[in-house]
Amino acid sequence: MDKNLIQRTVSGIVYVAVIILCSTPLGAQLLNNIAPGLIKQQYLFYGLMSLLLIVGTWECVKIMKFGNGYEKWIVYPLVIFIFYIFSKRYFSHDFFFDFRLSEILALALIGIAVVTLFKYPNELYFDSGKLIFTVIYVALPFSFALGLPKFSSYSDTFSLEVLFLFILIWSSDTFAYLVGKFFGKHKMAPKISPKKTWEGYAGGVVLTLVLSYFIEHYQPELRGNWMVVGFLVAAFAPLGDLVESQLKRNFGVKDSGNIIPGHGGVLDRLDSFIICVPVVYLYFILEKFI
C-alpha cells in the first residue's frame, strides 16, 4: 500500500478526532472519566482555537515572506491582542449577535482583504500590507469562531454549531471534488485552482443542502436555520480554498506548512473554515433582524 496514502489517512483521522473532541462535550467527558473535574469543554475548544490561531499566523508570516522590519515582530502581539478581546467576550458569554458597528467593520475588513488579494496583490508585497492582511485573515476568523458555540459555566452543556460547521465544510469539499472528478468540464478558476469546476461547485451546493436539511431537522436546538447555513457554506467554502490558493500562488509557495502530514498546514486544512466562520457569524447577526 502507498505509504503516502497511509500517512494521509492516519493524519486525517487524527485531525478529525481532534476537531470532534474539542468542539463537542465528548472531549471533556473522556478526560473527566480519567480524572473527574479535570477540564470543561469550553477550555478544550478555546485551546484548539488558540493553537490554530498561533500556527496559522506563523504559516501566514512564512508564506508572505516578511522582511526583518518591525512588522514581523508586532504581528504576533496584534493577533494575540485581538484574540484576547474576543476571549473576554467568550468567557463572559457576551456574544449576543446584536448589531455592533465594531463587529460589522471587522467583518467588512475580511471582505476587503479578500478583494485586495485578488485585485490589488501588489499592496501585499509591502511589509505593512502583509501585516494588515495577516491580522485580518487569521486573527479575526478564529476570534469570531469563539462566538459560535453556546455553553454554560455551571453545567456540561456545549452546543454543536462548530462541529456541524466543520461537517458541512467537509461535505461541501468532498461532494464538490467527487462531482467535479466524474462530471466536471468547465473550470472555475484554472489559473488559481485547476481542479475546481463549476459542475463540482454545483454538486457541492446541492448535496450539502441535503445534509443541512437533516441537521436542521434533527438538531433544532442549534442557533439559526441550518438550511441557510448549509447554503452559505456550500457557496463560500470554495472561495476559502481559492483565497488561500491565490495567496500561495502570489508568493510562490506550494503548502502553508506540514503540521498535518500528507495534508499540509493549518491554513491548507482550514482555508474554507476561515472564510465560512465570518459569513456564518454575519448571518447569525442578520437572522435576529429578519
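Of note:
- Residue list for region 47-91, restricted to those being open to solvent by 70 Å² or more (accessible area, probe 1.4 Å) and in a loop (DSSP other than H, G, I, E, B): Lys65, Asn68
- Output for region 21-37, where each listed residue is surrounded by 13 or more Cβ atoms within 10 Å (Cβ to Cβ), more than 16 Å from the chain's Cα centre (by Cα) and not polar (S, T, N, Q): Leu21, Pro25, Leu26, Gly27, Ala28, Leu31
- Each residue in region 224-246 was checked for being more than 16 Å from the chain's Cα centre (by Cα) and either part of a loop (DSSP other than H, G, I, E, B) or closer than 17 Å to Cys60 by Cβ (or both), and 3 pass.
- Among the residues of region 1-12, those identified as more than 17 Å from the chain's Cα centre (by Cα) and either at pLDDT 95 or above or in a helix (DSSP H, G or I) (or both) are Lys3, Asn4, Leu5, Ile6, Gln7, Arg8, Thr9, Val10, Ser11.
- Between Tyr15, Tyr84, Tyr70, the distinction of being modelled with pLDDT of 95 or more and over 30 Å from Ile290 (Cβ atoms) belongs to Tyr84 only.
- Matching residues in region 269-290 - criterion: being more than 17 Å from Pro238 (Cα to Cα), open to solvent by 10 Å² or more (accessible area, probe 1.4 Å) and modelled with pLDDT of 95 or more: Leu282, Tyr283
- Subset of region 247-290 that is aromatic (Phe, Trp, Tyr) and part of a helix (DSSP H, G or I) - its residue that is farthest from Trp198 (Cα to Cα): Phe284
- Odd one out for Val18 among (1) among the hydrophobic types (A, V, I, L, M, F, W, C); (2) buried (at least 16 other Cβ atoms within 10 Å of the Cβ); (3) within 27 Å of His93 (Cα to Cα): (2)
- Contact map, region 141-161: first residue closer than 22 Å to Ile82 by Cβ, second residue assigned to a helix (DSSP H, G or I) and open to solvent by 30 Å² or more (accessible area, probe 1.4 Å), Cβ cut-off under 6 Å, separation 6 or more or different chains; pairs are Ser143/Ile82.
- Checklist (1) more than 15 Å from the chain's Cα centre (by Cα); (2) under 18 Å from Phe97 (Cβ atoms); (3) open to solvent by less than 10 Å² (accessible area, probe 1.4 Å) applied to Thr208, failing item: (2)
- With a requirement of 1 or more residues that are of a type outside the set (A, V, I, L, M, F, W, C) and open to solvent by 20 Å² or more (accessible area, probe 1.4 Å), the helices (runs of 4 or more DSSP H) lying completely within region 106-195 that satisfy it span 127-134, 161-183.
- A count restricted to region 249-268 and to residues that are within 17 Å of Asp173 (Cβ to Cβ) and open to solvent by less than 40 Å² (accessible area, probe 1.4 Å) stands at 9.
- Residues of region 27-46 that are closer than 17 Å to Ser152 by Cα and assigned to a loop (DSSP other than H, G, I, E, B): Gly37, Leu38, Ile39, Lys40.
The values are calculated or read from the model by the stated rules, or taken from the named source; none is laboratory data. Note that the structure is predicted; figures quoted are calculated from it, not measured. Cβ coordinates were reconstructed from backbone atoms using ideal geometry, including for glycine residues, and neighbour counts include every protein chain displayed. Calculation scope for accessible area: heavy atoms of the full protein, side chains included, ligands and nucleic acids excluded. Shrake-Rupley method; radii C 1.70, N 1.55, O 1.52, S 1.80 Å.
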